[in-house]
Amino acid sequence: MYLFDHLGVFYYWLYLNVVNRFRNKPVPTITDILKGEGKYQKGDIVDQLAYGLNFKILGVVVTILIARLIMYSGI
């Protein structure tokens, strides 16, 4: 499942890269997003697990969509 964690973080980083280019804000690094410092409350295990679960779900869903697009395109 670590694969989907990292894929979800990568997809989220791509999204932030595009959005922050228009907003003229600095783009966070992938390791900052993966660590999630300041994104959840320290000591709250449920909040920390929910933050990680978001990336797992994002990684699975986007990877399945990409695989379906490749299958239906006939490549």
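Counted over the range 2-73 with a bin width of 10 Å, the fraction of Cα pairs per bin, in whole percents, is 19, 42, 30, 8, 1.
Karplus-based coupling profile of the range 31-47, in residue order and whole Hz: 5, 5, 5, 5, 6, x, 5, x, 9, 9, 6, 5, x, 9, 5, 5, 5, with θ = phi - 60° in 6.51 cos²θ - 1.76 cosθ + 1.60 and x standing for Gly or Pro. Averaged over residues, the count of other Cβ atoms within 10 Å places the peptides 51-63, 26-38 in the sequence 51-63, 26-38, highest first. Straight-line reach from LYS25: which lysines have a Cα under 18 Å away, not including same-chain ones fewer than 8 places off? The reachable lysines, counting only those whose Cα sits under 18 Å from LYS25, are LYS39.
Read the figures in this text as sums done on the coordinates, not as results from a lab. Since we're looking at a predicted model, the values are computed, not measured. Positions of Cβ are generated from backbone atoms using ideal geometry, with glycine treated the same way; all protein chains shown enter the neighbour counts.
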